[in-house]
Amino acid sequence: MSIPSSLLDVQQYTGDGYRPIIDFGAWRVAILRYHPDLEPNVISTMQRHDETDEVFILLEGHCILFIGEGTEEVTTVSAEDMQPKLAYNVKRGAWHTHTLSRDATVLIVENRDTQAANSPTTPLSARHRAMIRELTDQLWR
């Protein structure tokens, strides 16, 4: 017996990159998966959200969450090798990006109004790009 869609909505995403899967009220649930633009040797920008926090939960595979300190631009980069089933809450205004293994799936909970207009990006300097590559090598040896 099937449950009516008015009572249960089941969604999935198996493609590459980021995809919202459920919007409800003020919240969005999305999936982030491997994408070539998130390879450590390709990452050239970080993003922040000016109006809301953003939560990441690693479901499978491997993901490094990079956090950039600084207000208008990134001054230093730190890395967190995400552990499965832990909630990582990136605070409003914190620069961030990720690198993911090809088999990774990350669940994202964010404000439904999160968009380019309230989520600026900043270019990373050559030094910060090198830091991302070095941190990835250290964590994933």
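For region 10-22, putting each phi into the Karplus relation 6.51 cos²θ - 1.76 cosθ + 1.60 with θ = phi - 60° gives couplings of 10, 10, 8, 9, 10, x, 9, x, 9, 8, x, 10, 9 Hz, in residue order, rounded to whole numbers and with x for Gly and Pro. When the chain is described by a simple charge dipole with +1 on each Lys and Arg Cβ and -1 on each Asp and Glu Cβ, the residue from G17, P120, I108 located farthest towards its positive end is G17.
Which of the listed residues, T99, H49, S78, is farthest toward the dipole's positive end in the chain, when Lys, Arg count +1 and Asp, Glu count -1 at the beta-carbon? The one lying farthest along the dipole's positive direction is T99. Each Lys and Arg Cβ is given +1 and each Asp and Glu Cβ -1; about its Cα centre, the chain then shows a dipole of about 180 debye. Near the amide H of A104, within less than 5 Å, lie the amide hydrogens of Y34, H62, all on another chain or at least 5 residues away, with H placed in the peptide plane. Enter the angle in degrees (range 0 to 90, nearest 10) between the Cα long axis of helix 126-139 and the first principal axis of the Cα atoms of the chain, meaning the one along which they spread out most. So the inclination is approximately 70 degrees.
Read-outs: derived from the displayed coordinates by stated rules, not from any lab. Everything numeric in this text was worked out from a predicted model, so none of it was measured. Neighbour counts are summed over all protein chains in view; Cβ atoms, including those assigned to glycine, are modelled from backbone coordinates with ideal geometry.
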